[in-house]
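One structure below.
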Amino acid sequence: MKKSIILFCLCTSAFYYSQVGIGTTNPQAVLHVDGAKDNAVTGAPTATQAANDFVVTSTGNVGIGNVDPQRSLDVDAKNQSLRVRNLIRQVPMSYDILTRDIATSDVVATSYSYTEAVTVAAGASATVTVPATVNIATGLFIVKSINGCNRAMITSFVYNGLSLGYVSGVARDKIGNPTIAPIPTSANTSGTWSVTFSNVTNCADGGTGTQFDFTVVKPTADSYTITNNGNIAKTYQLTVSRL
């Protein structure tokens, strides 16, 4: 009986600390599946042999196509695309894209755009600061607003750091008229752009021909200050996105 207990303990210990191999007698991780059953009985498999392997390490890393995963999921795609089926489709105001680092092959979430809405009274200003995590140093800056007649104003700029350049502006059928003010010698900002839209149709909410006029400036590389030069409060949707 005593010998049986000792044998049971030894077997239990071996079970808890052993590696499991499926298709191989030479597992390289806690769980190692050799899909083609082509690994050698000793030593680490070659890159060709590992290409059909699946492993789970003691730290929880999963390797597909390699037996030494360095990330939670480490896949050797064999110069092929990856397929993910039946993803839900969403169109959020701000979203990320997945990008791959050429040097390390790491896949990370990268901000594609960021949107924030502010409501500004006539003659007042508001500042929007883009979070540092968004990190779009160069891109497109868009100002959008809708009036009481359900007509949209869309004005676009390109930017790089503190440089801000006007591209185009339209309020339905009215073309934007941009002017830029010189940057004071002591200032560390972008140029200040003023955009007007002549003869915009009056609306029932009190908006007159000046209702879409505004001024915008970048006081810092990550912020925008917009001033409502119209005669009525406006909600502006400010968006930065990658070019």
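3J(HN,Hα) along the range 63-68: x, 10, x, 8, 10, 9 Hz, from the Karplus curve 6.51 cos²θ - 1.76 cosθ + 1.60 with θ = phi - 60°, whole Hz, x for Gly and Pro.
Evaluate Rg over Rh across the range 62-186, taking Cα atoms for both radii and Kirkwood's formula for Rh.
Reported Rg/Rh, Kirkwood definition of Rh: 1.11.
So, how do all the Cα-to-Cα distances of the range 193-243 break down into 10 Å bins, in percent, from 0 on up? Percent of Cα pairs in each bin: 23, 47, 23, 7.
Between Arg172 and Ala152, Ile154, the built amide H atoms are under 5 Å apart, and every one of these is 5 or more places off in sequence or on another chain. For the range 114-241, what value does the Rg/Rh ratio take when both radii are computed over Cα atoms and Rh is the Kirkwood radius, given to two decimals? My calculation of the ratio gives 0.96.
The stretch between Lys78 and Arg100 holds 6.4 nm of extra length on full extension. This uses 0.36 nm per residue minus the Cα-Cα distance.
Between Ser223 and Tyr112, the C-beta separation translates, for a Förster distance of 22 Å, into a calculated FRET efficiency of about 0.65. Once every DSSP H run of n ≥ 4 in the chain is given -39500 (n - 2.57) and the sum is divided by its residues, what mean residue ellipticity at 222 nm do you get, rounded to the nearest 500 deg cm²/dmol? One gets -2500 deg cm²/dmol as the mean residue ellipticity at 222 nm.
Principal-axis analysis of the Cα atoms of the chain puts helix 2-17 at an angle of about 30° to the longest axis. Once the C-beta distance of Ser241 and Ala47 is scaled by a Förster radius of 51 Å, the resulting FRET efficiency is 0.80 to the nearest 0.05. Ordered by the count of other Cβ atoms within 10 Å of each Cβ, fewest first, Ser72, Ser81, Ser223 give Ser81, Ser72, Ser223.
What's the magnitude of the charge dipole for the chain around its Cα centre, counting Lys and Arg as +1 and Asp and Glu as -1 at the beta-carbon? Answer in Debye, nearest 20.
Numbers: 16 positive and 14 negative charges, 84 e Å.
For the chain, the charge dipole is close to 400 debye.
Computed 3J(HN,Hα) for the range 102-107, one whole-Hz value per residue from the Karplus formula 6.51 cos²θ - 1.76 cosθ + 1.60 where θ = phi - 60°, is 4, 6, 9, 6, 5, 9, glycine and proline marked x.
For Thr192, the residues 5 or more places off, or on other chains, whose built amide H falls under 5 Å of its own are Ala181. With the simple spin-label model, which puts each label point 7 Å out from Cα in the Cβ direction, the Ser18 to Arg85 separation comes to 3.6 nm. The convex hull built on the alpha-carbon positions of the chain has an orientation-averaged projected area of 23.3 nm².
No lab work stands behind these numbers, since they all come straight from the coordinates. This structure is a prediction, so every number in the text was calculated from the model and none was measured. Backbone-built Cβ (ideal geometry, glycine too); neighbour counts: all protein chains shown.
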